[in-house]
1. List every residue whose amide H lies under 5 Å from the amide H of Leu96, counting only residues 5 or more places away in sequence or on a different chain, with H placed 1.01 Å from N in the peptide plane.
2. Full-extension gain between Val103 and Ala130, please, as 0.36 nm times their residue separation minus the C-alpha to C-alpha distance.
3. Between Gln76 and Ala140, what FRET efficiency follows from the Cβ-Cβ distance if R0 is 22 Å, with the result rounded to 0.05?
4. Using the 10 angstrom Cβ neighbour count as an exposure proxy, how do Val103, Val82 rank, fewest first?
Amino acid sequence: MQPRREIPLWLVGVVIGLGLIGVSLFDQQKTSLQRVFKAAPTPQIPAMIGTALEKPMAAVSAWLSDGSAVAPVTNQANGPRVAVYVEELRRVGSTLEIRGRLVNHSVTQLRVAVQNFTFVDAAGIQYGVAGPTSILDPDAVEPFAFTVPVPPSRVLTMTLVLVPDPPLVLTLLQESVQP
């Protein structure tokens with residue numbers, strides 16, 4: 001009787017490894033990377049990042065769906081004499097409707113002209129709006145509704161300038177931050 005020869009364990013590992021490599025190479029020839037990436041779903045934003053980006057992402061989606069209303073990224077700005085509250089943005093065709101209200105916090109009347117408002121998009125283009133001048137009594141609240149002929153953009157700011165007060169700047173739409 002001859003002594004039994006045992007196969008070294010490392011040799012078994014090498015054979016199994018080579019077998020797995022061979023199988024994966026055979027399978028890889030069947031599937032191109034282009035097909036793999038096309039079939040892969042868009043990854044979900046993690047919950048923590050999703051919460052931080054909720055308003056900007058909602059604002060961006062408003063540009064994409066005509067007629068949908070969305071809240072602005074920055075919905076209020078307070079100055080020494082006046083406060084601006086933007087309540088809703090709505091894309092209607094090639095224009096953006098902006099609705100909100102002004103509040104006079106001073107003890108005197110304020111003259112606020114529509115021309116005191118300017119809008120700037122992602123390309124740095126300024127948009128003005130035409131309309132009447134309003135006189136706000138102390139503690140008065142006046143609603144406004146602007147129709148701005150701004151093309152779809154991912155960034156839009158609104159600025160109210162009442163001299164000698166510092167400008168009040170509100171970010172209406174903001175580009176989303178990639179995680």
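1. Val148, Val150
2. 7.7 nm
3. 0.85
4. Fewest to most other Cβ atoms nearby, the residues stand as Val103, Val82.
All of the numbers you see were taken from the coordinates with simple rules; none came from a lab. Just so it is clear, the model here is predicted, and its values are computed rather than measured. All Cβ positions, glycine included, derive from the backbone under ideal geometry; neighbour counts span all protein chains shown.
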